[in-house]
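Okay, so here's the structure we're looking at.
The values are calculated or read from the model by the stated rules, or taken from the named source; none is laboratory data. A quick note: this is a predicted structure, and the numbers were derived from the prediction, not measured. In this analysis, Cβ positions are derived from the backbone assuming ideal geometry, glycine residues included, and neighbour counts consider all displayed protein chains.
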Amino acid sequence: MIAKSKCLFVLHEGIGSTIFNSQVLEHSIGMKNYEFDIDILSYNTFSKSWNLSKANHSYINQTLPNIKLFLFKALNIYNPFSYLYNSILLIIFFLKNKNVYKLIHARADYTAFLCILTKPFHKLPVIWDCRGDSISELQDSLSRKNIVVNFFGNFIFVNINKIICRFNSKYCDGAVFVSDALFQMYRQVLYTKYIEIIPCPVPEEKFYYSLTLRNEMRKLHSIPKETKVCLYSGSMIAYQSIGEQIELYRNLLLFPDVLIIIATSEPDLAKLHFSDFLSNRFKILSVKYEEMNSFYNMADFSFLIRDNKILNNVASPTKFGEYCLTGLPVIMNDTVYQSLQISKLLGNYISHFDSSLNVLSNSRRQEIADASINIFSRKFLNQKYMKLYKSVL
């Protein structure tokens with residue numbers, strides 16, 4: 001048996017219930033099938049999410065005893081002292097776990113910066129996992145604050161973020177970008193030659209198309225054969241273009257055979273946004289991650305509507321990969337470049353201007369699902385991670 005290389009996946013996002021499961025936990029689980037054994041070190045930097053992180057930490061430890069998951073409190077990343085304090089926390093962890101790990105996989109810009117900054121202490125290669133354009137994301141968030149917060153936020157934190165991204169570009173040992181558009185933003189300033197473009201992976205054993213499952217779910221939810229189910233999966237965060245969604249849903253509901261389902265982790269907020277649509281043809285549901293595949297199979301169409309902003313242009317939405325692996329047509333505007341390109345390639349693209357909803361045959365949905373495996377499946381994309389890990393060791 002080949003001895004596995006021990007790696008550490010570090011993040012400063014606590015332990016959430018959706019993205020953590022799909023992009024962090026599933027990565028650790030999946031890489032165990034190869035030559036890498038990945039522990040997870042997560043710092044919770046927002047006090048309001050600490051109780052959720054603790055509860056999820058306890059649940060994962062009970063249900064997945066083979067995954068080593070560390071959870072610690074840390075300073076809010078926007079606290080000016082967080083860079084020093086959170087670096088010290090990292091140094092303490094590595095001093096306690098000296099010579100255990102061979103590589104650090106650092107999720108997102110802030111974490112990569114701290115892991116590279118503390119390299120004199122741990123002396124490990126660091127992979128910068130660039131998940132999006134954090135500078136545009138911060139500017140977008142600040143644009144919804146008052147004028148004082150917006151001014152000082154842009155003057156201080158946006159400029160710090162620019163320095164961090166430049167630092168990561170120069171000193172990381174390897175890099176992952178979720179889309180080619182994101183990679184192009186840093187191409188000229190990257191010093192490392194070990195780079196992979198990897199869209200957000202989706203576990204193919206959990207997301208797939210099944211006619212049997214489709215029939216069971218539609219029967220369970222008493223959905224007539226002629227009813228066209230349109231499903232939105234995701235959060236109610238501002239960049240999801242809620243205003244454009246409302247207009248689209250209003251137009252779709254003009255057709256009597258359309259049922260819209262909003263599957264979200266924020267049902268109360270969704271009810272506020274879509275209060276005009278609360279009826280038997282517009283349902284807002286709180287759906288667990290483990291249940292999403294069943295709802296995708298039940299649906300006929302999905303949505304990917306986002307504002308035309310840089311942070312969306314360079315994104316790689318996890319839910320888009322889930323849509324594709326379940327063979328769903330996607331009603332979208334053209335703001336997420338990667339999704340647009342792939343959707344047209346697969347043949348499941350529907351313009352948000354197109355109101356003629358033609359339900360795909362079961363065989364066509366299966367074809368789309370099968371073709372998506374070599375684009376989004378974790379089994380396929382883990383080969384790219386493995387190649388990158390080996391390159392930097």
Yes/no for ILE195 being surrounded by fewer than 21 Cβ atoms within 10 Å (Cβ to Cβ) and under 16 Å from LEU388 (Cβ atoms)
yes
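Quick grid of which residues meet (1) modelled with pLDDT of 95 or more; (2) out of contact with any strand residue (DSSP E or B) (no Cβ under 7 Å at 6 or more places or on another chain):
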| site | (1), (2) |
| --- | --- |
| ILE135 | no, yes |
| ASP140 | no, yes |
| SER143 | no, yes |
| ASN161 | yes, yes |
| GLY174 | yes, no |
| TYR208 | yes, yes |
If you take the residues of the range 324-376 that are of a type in the set (S, T, N, Q) and buried (at least 19 other Cβ atoms within 10 Å of the Cβ), which of them is farthest from GLU26 (Cα to Cα)?
ASN333
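Restrict the check to the range 306-315 and report whether at least one residue is within 21 Å of LEU252 (Cα to Cα) and in contact (Cβ under 8 Å) with a residue 40 or more places away in the chain. Give the steps one after another, and end with the answer.
To start, the set of residues in the range 306-315 that are within 21 Å of LEU252 (Cα to Cα) comprises 306-307.
When the remaining residues are screened for being in contact (Cβ under 8 Å) with a residue 40 or more places away in the chain, the result is 306-307.
Within the range 306-315 (the criterion being within 21 Å of LEU252 (Cα to Cα) and in contact (Cβ under 8 Å) with a residue 40 or more places away in the chain), the answer is yes, since at least one residue qualifies.
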Just for the range 324-341: of the residues that are under 18 Å from ILE198 (Cβ atoms) and either among the hydroxyl-bearing types (Ser, Thr, Tyr) or in a loop (DSSP other than H, G, I, E, B) (or both), which one is farthest from the chain's Cα centre (by Cα)?
TYR337
Give just the number: which of (1) in contact with a Ser or Thr (Cβ under 9 Å, 6 or more places away or on another chain); (2) in contact (Cβ under 8 Å) with a residue 60 or more places away in the chain; (3) surrounded by fewer than 21 Cβ atoms within 10 Å (Cβ to Cβ) does LYS379 not satisfy?
(1)
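One residue is enough: does the range 257-264 have a residue meeting the conditions in the same structural domain as LYS344 (by TED's automatic domain parsing), modelled with pLDDT of 90 or more, out of contact with any helix residue (DSSP H, G or I) (no Cβ under 6 Å at 6 or more places or on another chain) and farther than 29 Å from SER141 by Cβ?
Step one: filter the range 257-264 for residues in the same structural domain as LYS344 (by TED's automatic domain parsing), giving 257-264.
Pick out the ones that are also modelled with pLDDT of 90 or more and you get 257-263.
When the remaining residues are screened for being out of contact with any helix residue (DSSP H, G or I) (no Cβ under 6 Å at 6 or more places or on another chain), the result is 257, 259, 261.
Next, from what is left, pick out any that are farther than 29 Å from SER141 by Cβ: 257, 259.
Looking through the range 257-264, at least one residue is in the same structural domain as LYS344 (by TED's automatic domain parsing), modelled with pLDDT of 90 or more, out of contact with any helix residue (DSSP H, G or I) (no Cβ under 6 Å at 6 or more places or on another chain) and farther than 29 Å from SER141 by Cβ.
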Look through the range 145-155, keep the residues that are aliphatic (A, V, I, L, M) and modelled with pLDDT under 90, and return whichever of them is farthest from THR111 (Cα to Cα).
VAL148
Restricting the range 217-247 to residues that are surrounded by fewer than 16 Cβ atoms within 10 Å (Cβ to Cβ) and either hydrophobic (A, V, I, L, M, F, W, C) or not assigned by TED's automatic domain parsing to the domain that holds ASN280 (or both), which is farthest from the chain's Cα centre (by Cα)?
LEU220
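Quick check on LEU90: is it in the same structural domain as ALA55 (by TED's automatic domain parsing) and either in contact with a Lys or Arg (Cβ under 9 Å, 6 or more places away or on another chain) or within 13 Å of ASP39 (Cα to Cα) (or both)? Quick ask: steps written out before the conclusion?
Working: in the same structural domain as ALA55 (by TED's automatic domain parsing): yes; either in contact with a Lys or Arg (Cβ under 9 Å, 6 or more places away or on another chain) or within 13 Å of ASP39 (Cα to Cα) (or both): no.
So LEU90 fails the test.
Restricting attention to the range 42-49, does a residue exist that is among the aromatic types (Phe, Trp, Tyr) and assigned to a loop (DSSP other than H, G, I, E, B)?
Yes; the residues of the range 42-49 include at least one that is among the aromatic types (Phe, Trp, Tyr) and assigned to a loop (DSSP other than H, G, I, E, B).
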Residues of the range 185-211 satisfying the condition of being without any contact (Cβ under 8 Å) to a residue 12 or more places away in the chain and over 20 Å from the mean Cα position of the chain (by Cα):
ARG187, GLN188, LYS193
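Among the residues of the range 32-47 satisfying the criterion of being of a type outside the set (Val, Ile, Thr) and under 21 Å from the mean Cα position of the chain (by Cα), which is farthest from SER22 (Cα to Cα)? Break it down into steps so the answer makes sense when it comes.
Going through the range 32-47, the residues of a type outside the set (Val, Ile, Thr) turn out to be 32-37, 39, 41-44, 46-47.
Then drop every residue that is not under 21 Å from the mean Cα position of the chain (by Cα), which leaves 32, 39, 41-44, 46.
Working: LYS32: 16, ASP39: 16, LEU41: 16, SER42: 15, TYR43: 18, ASN44: 18, PHE46: 21 Å.
Top of the filtered list is PHE46.
Does any residue of the range 166-175 turn out to be of a type outside the set (Asp, Glu), in contact (Cβ under 8 Å) with a residue 60 or more places away in the chain and assigned to a loop (DSSP other than H, G, I, E, B)? Walk me through it before giving the result.
Pass one, the range 166-175, residues of a type outside the set (Asp, Glu): 166-172, 174-175.
Remaining after also requiring in contact (Cβ under 8 Å) with a residue 60 or more places away in the chain: 172, 174.
In the following step, the residues that additionally are assigned to a loop (DSSP other than H, G, I, E, B) were identified as 172.
Yes: the range 166-175 contains one or more residues that are of a type outside the set (Asp, Glu), in contact (Cβ under 8 Å) with a residue 60 or more places away in the chain and assigned to a loop (DSSP other than H, G, I, E, B).
Residue-wise test of (1) touching a residue at least 60 places away in the same chain (Cβ under 8 Å); (2) among the small types (Gly, Ala, Ser).
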{"residue": "ILE242", "(1), (2)": "no, no"}
{"residue": "ARG250", "(1), (2)": "no, no"}
{"residue": "VAL258", "(1), (2)": "yes, no"}
{"residue": "ALA270", "(1), (2)": "no, yes"}
{"residue": "HIS273", "(1), (2)": "no, no"}
{"residue": "ASN280", "(1), (2)": "no, no"}
{"residue": "SER294", "(1), (2)": "yes, yes"}
{"residue": "ASN297", "(1), (2)": "yes, no"}
{"residue": "SER302", "(1), (2)": "yes, yes"}
Exactly one of (1) under 22 Å from the mean Cα position of the chain (by Cα); (2) without any contact (Cβ under 8 Å) to a residue 60 or more places away in the chain is unmet by SER82. Its number?
(1)
If a residue counts only when it is more than 26 Å from GLN23 (Cβ to Cβ), which helices (runs of 4 or more DSSP H) contained entirely in the range 79-150 have at least 3 such residues?
82-96
